[in-house]
Ligand code: NAD
């Protein structure tokens, strides 16, 4: 629990700040927080040029504000911040959270190598949990693909196709990359994560990571579809995961946030959180 929190040992709701609060994910987070009495919206940060800036969220008297401003609230304490915004927000966000020792759950994708390094550095001061996908099902799929690749020891190839809404900025998606990494890590059998620099771009929305081909499609309002086609000697496997709504990720991120708010500074993954809970808790 961070130094500014009043959470330990009492029944006060968890005071949550949301960064990226006006976006698709941000709105799903605000709705989910509003529904649960154990959670309380305490800040709603958006881009400095977001048209909603300084308007009311309609929840708990909180206004949309810039990172670090908690307009409309008379109590500036935050127990945890959940960020689904943009890589551009990262520098200001980490500076603010390290200053006040507030844990961070971050789902923003498209982070650069420097951005990921900045998360590692911040984790020396605050608890940080980054995940490219907060679906428990996708987490299980990563685990399965990793084992599949290990069992078939290099005698396979795979294709991952991901489809997201037209406005999505990064490609391939963070989830597609995580699925590819799970396969390639199994492929090399040495527990080394493949260097993201080895992601080879072969066409505008087509990539290759070792034996895995990745294709990205952008259309309409698709929340997120990932199709994995795996081919081994004499057999073929096709798996498709569809995210029907951003609520799925909001729920996973808020569960992880409640857990992270009680951890010591450090770098955490969804694995660390999920290993501490039973399936019934999820
Ligand atoms: P969106 O474009 O709908 O919303 C972006 C939000 O970020 C807005 O509120 C905007 O004001 C804010 N923002 C942008 N720049 C900012 C800055 N410099 N400072 C502060 N706030 C800033 O985006 P979205 O669909 O909600 O997705 C947001 C991010 O979450 C993306 O990176 C997306 O890939 C990722 N995402 C991750 C998961 C997951 O499970 N990890 C799931 C869905 C989306």
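So the values come out like this:
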| read-out | value |
| --- | --- |
| Some residue of the range 69-76 being assigned by TED's automatic domain parsing to the domain that holds residue 32, within 13 Å of the ligand (Cβ to nearest atom), touching a residue at least 24 places away in the same chain (Cβ under 8 Å) and not in a strand (DSSP E or B) | yes |
| Some residue of the range 30-47 being near the ligand (Cβ under 8 Å from one of its atoms), surrounded by fewer than 21 Cβ atoms within 10 Å (Cβ to Cβ) and at pLDDT 95 or above | yes |
| Any chance residue 154 is part of a loop (DSSP other than H, G, I, E, B) and touching a residue at least 24 places away in the same chain (Cβ under 8 Å) | yes |
| Test: residue in the range 166-188 that is farther than 29 Å from residue 273 by Cα and either surrounded by fewer than 16 Cβ atoms within 10 Å (Cβ to Cβ) or at pLDDT 90 or above (or both) | yes |
| Flag if residue 127 is crowded, with 18+ Cβ neighbours inside 10 Å, under 25 Å from residue 259 (Cβ atoms), under 16 Å from the mean Cα position of the chain (by Cα) and away from the ligand (no atom under 16 Å from the Cβ) | yes |
| Residue in the range 91-113 that is farthest from the ligand (Cβ to nearest atom), counting only those that are outside any loop (DSSP other than H, G, I, E, B) and within 18 Å of residue 270 (Cα to Cα) | 104 |
| Identity of the residue in the range 173-191, away from the ligand (no atom under 11 Å from the Cβ) and part of a loop (DSSP other than H, G, I, E, B), that ends up nearest to residue 245 (Cα to Cα) | 191 |
| Within the range 224-254, tally of residues that are in contact with a helix residue (DSSP H, G or I) (Cβ under 8 Å, 6 or more places away or on another chain) and over 13 Å from residue 145 (Cβ atoms) | 11 |
| Among (1) closer than 15 Å to residue 137 by Cα; (2) at pLDDT below 95 - the single one residue 241 does not satisfy | (2) |
| Any chance residue 253 is within 14 Å of the ligand (Cβ to nearest atom), modelled with pLDDT of 95 or more and outside any loop (DSSP other than H, G, I, E, B) | yes |
| Some residue of the range 138-149 being crowded, with 22+ Cβ neighbours inside 10 Å, away from the ligand (no atom under 13 Å from the Cβ) and modelled with pLDDT under 95 | yes |
| Test for residue 274: is it assigned by TED's automatic domain parsing to the domain that holds residue 119, within 23 Å of residue 146 (Cβ to Cβ) and away from the ligand (no atom under 12 Å from the Cβ) | yes |
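The values are calculated or read from the model by the stated rules, or taken from the named source; none is laboratory data. Keep in mind it's a predicted model, so treat the numbers as computed, not measured. For neighbour counting, all protein chains shown are included, and Cβ atoms are generated from backbone atoms with ideal geometry for every residue, glycine included.
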